[in-house]
Amino acid sequence: MSGKILTANRVNDGDVVFFTSDHQWSLRISDALFAEDEAVLELLEDQLRLAETGTEVTDAYVFDAEKFDGVLRPRHIRERIRTLGPTVRADLGKQSNGTGGAFSAVS
Amino acid sequence: MRLLKNGEFFEDTWLTLDNEEAVPQGADILVSAERLQAEFGTLMLHNGRLGVVVANDRAVDDIADYLEVIDTVVLEFPSFTDGRAYSQARKLRGSLKFRGGLRATGNVLPDQLAFMRQCGFDTFEVNGRFGLDVWQRAVTAMTLTYQGGYVPDRGFAPADVWSARAGNADDTLRSDFEEIWTA
Amino acid sequence: MYRYDEFDHRFVRERVGQFRDQVERRLGGELSEAEFKPLRLMNGVYLQLHAYMLRVAIPYGTLSSAQMRRLAEIADTYDKGYAHFTTRQNVQYNWPKLKDMPDLLDDLADVEMHAIQTSGNCIRNVTTDQWAGVAADEVADPRPVCELLRQWSSLHPEFSFLPRKFKIAVTGAPRDRAAVAVHDIGLRMHVNADGARGWEVLAGGGQGRTPMIAITVREFLPEAELLGYLEAVMRVYNLHGRRDNKYKARIKILVHELGADAFRAQVEAEYAKLGSPTVDVEQRELERISAYFAPPVYDELDETCVPFELAKNENREFAWWVKSNVSAHKVSGYAIVNISLKPTGGIPGDATSQQMFVVADLAEQYSHAEIRVTHRQNLVLPDVRLSDLYTLWIELNSAELATANVGLIGDIVACPGLDYCALATARSIPIAQDVSERFEDLKRQHDIGSLTINISGCINACGHHHVGHIGILGLDKKGEEFYQITLGGSSDENASIGTILGPGFAGDQVADAIETIVETYLGLRADDEPFIETYRRVGAKPFKEALYETA
């Protein structure tokens with residue numbers, strides 16, 4: 001199943017965050033609100049506009065994702081790397097502290 | 001919009017005229033460079049002050065012949081990052097030796113104010129978003145400059161480092177903001 | 001090297017204070033991101049793929065041991081224990097928090113460093129020859145004028161909102177190690193028949209999506225007229241450079257669209273109007289700065305050092321390292337040591353804080369406490385006695401800093417690419433790792449000889465792929481990374497832009513393709529002919545045939 005996820009960076013530390021179903025920002029993609037229909041997508045886009053003027057997050061945008069067996073996975077390699085950390089340093093980023101996704105960046 | 005000059009806010013009493021608009025008697029007026037060139041003969045007889053708005057893709061040399069009777073030149077900053085008017089101002093104050101008022105309009109934010117003043121602007125069209133304290137802080141944040149030719153000759157001025165090193169800057173290191181800025 | 005006086009100190013501290021205020025206003029919600037972005041960029045703070053990134057200026061690539069130590073401490077305190085040295089002689093931290101940034105900048109200011117103008121559409125950190133002051137072929141040390149330019153360009157009231165970023169490179173030697181022909185402005189020192197020094201002023205070079213070699217604007221500009229002349233160039237660019245299209249906004253496009261003669265005429269006309277009222281002040285300042293760059297006191301040493309020669313004979317690995325990583329010094333009995341940040345399979349330009357501490361200590365012990373950063377992402381100890389080389393090599397080895405590949409195929413330049421960069425279209429580092437592992441055998445590397453590989457992860461060309469003998473450009477094709485290969489680029493005094501060979505390759509095919517190119521070269525070269533000369537002699541054709549014969 002394909003859909004969209006709203007992401008941003010937190011202003012004070014720059015960490016990558018995802019917009020959740022309880023309208024918070026989470027470090028984990030697994031918490032993300034997955035927009036599979038127009039209504040939810042509209043909600044994400046409203047939140048995107050709100051985020052631009054707020055102080056909690058910055059550089060918000062929506063990206064394409066898929067859901068298989070309950071696991072959310074970005075479609076594009078760029079978003080997968082962003083969700084996990086550098087592919088050349090497994091010891092850094094979300095992949096190193098348990099907040100990454102349950103997928104590989106490159107396959 | 002209001003004007004910021006010498007550390008104070010003023011109401012903008014100047015009238016900006018369209019190219020076709022009739023010239024009101026006695027008013028201080030701003031016209032485009034095109035109109036200035038086309039109608040200089042009549043405009044120079046106008047009984048209020050005369051100013052010109054120069055677009056930032058236009059050479060300031062175009063108005064060189066009129067500078068003696070012009071009271072104010074207005075230069076535009078259509079966005080924060082469009083810095084052409086800094087060079088226009090510099091040319092006006094430098095090779096063209098313009099000593100009248102130089103006003104910045106458009107996207108004028110506190111964080112550019114010091115640079116604008118250093119390039120020769122003395123009047124700023126600003127919105128009401130920032131209080132006088134914010135503008136003052138922006139002007140005095142840097143008390144030094146490495147560009148000796150870019151020191152404002154009125155009001156608060158950063159010290160010119162290279163001259164200061166040579167011992168020539170005793171009276172340029174003026175840090176008493178209140179006294180200088182409002183003088 | 002240069003030391004701050006009270007004015008420089010005060011200037012940098014005030015700038016940190018100003019930025020602290022801006023960060024507070026952003027965190028407090030007073031500034032929107034749209035308003036804050038140009039302000040943070042003016043202080044080197046980017047928002048990258050995973051986090052903020054801070055680029056710290058290393059003026060003209062020169063560092064003291066104390067500064068290197070502080071950079072290492074910052075990596076430990078505010079980042080994740082490492083730093084990345086860039087193709088512009090700067091250093092980057094990949095994980096600092098915005099709220100920590102003002103404190104970090106204060107820590108930098110303690111050791112006379114800053115991040116001013118490491119980003120934004122302003123005059124960026126001035127770069128130069130990494131061997132400045134010690135190179136055997138040098139006409140004059142370019143560092144005093146680089147420092148003069150650093151000060152002159154810092155928070156320039158007129159030139160801080162240019163159409164696009166602006167990079168100046170300076171060389172004081174005929175062998176160009178600063179790539180001056182591919183910069184917005186390049187300066188090349190000459191001495192005329194009367195013995196007077198002057199600058200050849202180049203403009204309009206650059207890389208990115210429209211690579212161009214610079215034109216010469218003035219053949220010989222008397223030294224004292226430099227800043228006035230640069231002011232004229234900058235003003236012409238600021239007023240007339242394109243602002244309608246970000247990709248056409250660099251000065252190279254203006255020079256190209258006006259034509260060299262018209263551009264020259266505009267600059268000269270502007271310069272004629274200036275007069276140069278401040279020449280005396282500038283000359284006095286240049287003299288003051290020059291005193292800081294007086295050569296250190298060197299010991300009087302013989303040209304040859306017997307124990308050093310013996311060590312080379314006895315230890316093949318040491319001999320290899322000397323051959324590739326040690327360069328001729330202008331003073332007898334001394335050598336320039338190049339430290340490779342390209343271990344086999346490593347990340348080009350990355351150094352751990354531990355390695356940085358080691359380099360700081362070794363510089364203190366063996367090289368007048370001075371270090372250089374190169375635009376090929378390596379480090380240099382400029383002043384080492386021949387008699388110290390063997391001990392130094394042992395110590396570098398134990399810190400994994402003695403890879404004997406400087407200038408060879410394993411010395412690969414790569415931008416951070418899609419692993420870190422928000423603009424990248426493909427990864428660069430894994431390609432560098434693949435190729436470096438493929439050519440791991442040092443004997444083979446030395447046999448192949450002088451060859452530069454440069455990898456960029458997008459069209460912006462931070463990995464300088466256009467001027468690599470072999471250039472690799474990573475692109476995105478429908479979500480898949482693929483890589484275009486160019487041949488024949490060079491950034492030296494015979495600068496040239498590489499030519500695209502043909503269709504691109506998938507990531508896992510790149511090392512094979514490079515191997516095919518290298519084997520083709522080895523079959524074609526005459527005697528010790530370096531790769532670039534063979535390429536210039538035979539052209540792209542045999543390489544194309546070898547690469548695409550089965551396609």
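Key figures
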read-out	value
Pair list, Cβ under 9 Å, 6 or more apart: region B:112-127 residue at the interface with chain C (Cβ under 8 Å from one of its Cβ atoms) and more than 11 Å from B:Ala85 (Cβ to Cβ), other residue small (Gly, Ala, Ser) and in a helix (DSSP H, G or I)	B:Ala114/B:Ala138
Single match in C:Asp383, C:Asp411 (criterion: touching a Pro at 6+ places or on another chain (Cβ under 8 Å) and outside any helix (DSSP H, G or I))	C:Asp383
Selected residue [at pLDDT 95 or above, under 24 Å from C:Ile459 (Cα atoms) and crowded, with 21+ Cβ neighbours inside 10 Å] from C:Thr403, C:Thr374	C:Thr374
Selection count where residues are of a type in the set (Ser, Thr, Tyr) and part of a loop (DSSP other than H, G, I, E, B), scope region C:118-138	2
Failed item, numbered, when C:Leu41 is tested on (1) surrounded by fewer than 23 Cβ atoms within 10 Å (Cβ to Cβ); (2) more than 14 Å from chain A (Cβ to nearest Cβ)	(2)
Residues within region B:51-78 that are among the polar types (S, T, N, Q) and more than 9 Å from chain C (Cβ to nearest Cβ), tallied	1
Among residues of region C:500-551, those that are charged (D, E, K, R) and part of a helix (DSSP H, G or I), counted	10
Subset of region B:79-101 that is out of contact with any Gly (no Cβ under 6 Å at 6 or more places or on another chain) and of a type in the set (Lys, Arg) - its residue that is farthest from the other protein chains (Cβ to nearest Cβ)	B:Arg99
Residue within region C:126-138 that is within 24 Å of C:Arg284 (Cα to Cα), at pLDDT below 95, small (Gly, Ala, Ser) and surrounded by fewer than 22 Cβ atoms within 10 Å (Cβ to Cβ) present	no
Given (1) within 14 Å of another protein chain (Cβ to nearest Cβ); (2) outside any strand (DSSP E or B), number of the condition A:Leu44 does not satisfy	(1)
Output for region A:89-104, where each listed residue is surrounded by fewer than 20 Cβ atoms within 10 Å (Cβ to Cβ), among the hydrophobic types (A, V, I, L, M, F, W, C) and free of Cβ contacts under 8 Å to residues at least 12 places away in the same chain	A:Ala90
Filter result for C:Ala526 (within 30 Å of C:Arg175 (Cβ to Cβ) and either of a type outside the set (A, V, I, L, M, F, W, C) or surrounded by 17 or more Cβ atoms within 10 Å (Cβ to Cβ) (or both))	no
Output for region C:277-334, where each listed residue is aliphatic (A, V, I, L, M) and either more than 20 Å from C:Leu408 (Cα to Cα) or in a loop (DSSP other than H, G, I, E, B) (or both)	C:Val279, C:Val281, C:Leu286, C:Ile289, C:Ala291, C:Ala294, C:Val297, C:Leu301, C:Val306, C:Leu310, C:Ala311, C:Val331
Within region C:44-76, tally of residues that are assigned to a loop (DSSP other than H, G, I, E, B) and surrounded by 22 or more Cβ atoms within 10 Å (Cβ to Cβ)	6
Lone qualifier among C:Pro96, C:Pro157 - being closer than 14 Å to C:Met42 by Cα, over 22 Å from the mean Cα position of the chain (by Cα) and either part of a loop (DSSP other than H, G, I, E, B) or in the same structural domain as C:Arg69 (by TED's automatic domain parsing) (or both)	C:Pro157
From A:Gln24, A:Gln47, residue being in contact with a His (Cβ under 8 Å, 6 or more places away or on another chain) and farther than 30 Å from C:Ala75 by Cβ	A:Gln47
Answer residue from region A:12-41, given it is of a type in the set (Val, Ile, Thr) and out of contact with any Phe, Trp or Tyr (no Cβ under 9 Å at 6 or more places or on another chain) and is nearest to the other protein chains (Cβ to nearest Cβ) among those	A:Val16
Any hit, region C:17-24, residues being surrounded by fewer than 22 Cβ atoms within 10 Å (Cβ to Cβ), out of contact with any strand residue (DSSP E or B) (no Cβ under 8 Å at 6 or more places or on another chain), of a type in the set (D, E, K, R) and assigned to a loop (DSSP other than H, G, I, E, B)	no
C:Ile514 being touching a residue at least 60 places away in the same chain (Cβ under 8 Å), within 30 Å of C:Leu202 (Cα to Cα) and aliphatic (A, V, I, L, M)	no
Residue identified as more than 30 Å from B:Leu96 (Cα to Cα), surrounded by 11 or more Cβ atoms within 10 Å (Cβ to Cβ) and within 14 Å of another protein chain (Cβ to nearest Cβ) among C:Tyr271, C:Tyr298, C:Tyr292	C:Tyr292
Close pairs (7 angstrom Cβ cut-off, 6 or more residues apart or separate chains): within 14 Å of chain A (Cβ to nearest Cβ) and among the small types (Gly, Ala, Ser) in region C:1-30, surrounded by fewer than 18 Cβ atoms within 10 Å (Cβ to Cβ) and not in a helix (DSSP H, G or I) anywhere	C:Gly29/A:Thr55
Verdict on C:Ala115 being small (Gly, Ala, Ser), assigned to a loop (DSSP other than H, G, I, E, B), touching a helix residue (DSSP H, G or I) at 6+ places or on another chain (Cβ under 9 Å) and away from chain B (no Cβ under 11 Å)	yes
Restricting region C:422-448 to residues that are in contact with a Pro (Cβ under 8 Å, 6 or more places away or on another chain) and among the aliphatic types (A, V, I, L, M), the residue that is nearest to the other protein chains (Cβ to nearest Cβ)	C:Ile429
Single condition C:Asp419 does not satisfy, out of (1) more than 28 Å from C:Ile517 (Cα to Cα); (2) within 14 Å of another protein chain (Cβ to nearest Cβ); (3) in contact with a Lys or Arg (Cβ under 9 Å, 6 or more places away or on another chain)	(1)
Residues of region B:1-19 classified as in contact (Cβ under 8 Å) with a residue 12 or more places away in the chain, in contact with a strand residue (DSSP E or B) (Cβ under 7 Å, 6 or more places away or on another chain) and in a strand (DSSP E or B), total	7
Which listed residue is within 12 Å of chain C (Cβ to nearest Cβ) and more than 14 Å from the chain's Cα centre (by Cα), from A:Thr83, A:Thr99, A:Thr55	A:Thr55
Verdict on B:Ala38 being in contact with an Asp or Glu (Cβ under 7 Å, 6 or more places away or on another chain), without any contact (Cβ under 8 Å) to a residue 40 or more places away in the chain and either of a type in the set (A, V, I, L, M) or not assigned by TED's automatic domain parsing to the domain that holds B:Asn107 (or both)	no
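The values are calculated or read from the model by the stated rules, or taken from the named source; none is laboratory data. Remember, it's a predicted structure, so these values are computed and weren't measured experimentally. Counting neighbours? That spans all protein chains shown, and the Cβs are built from the backbone with ideal geometry, glycine included.
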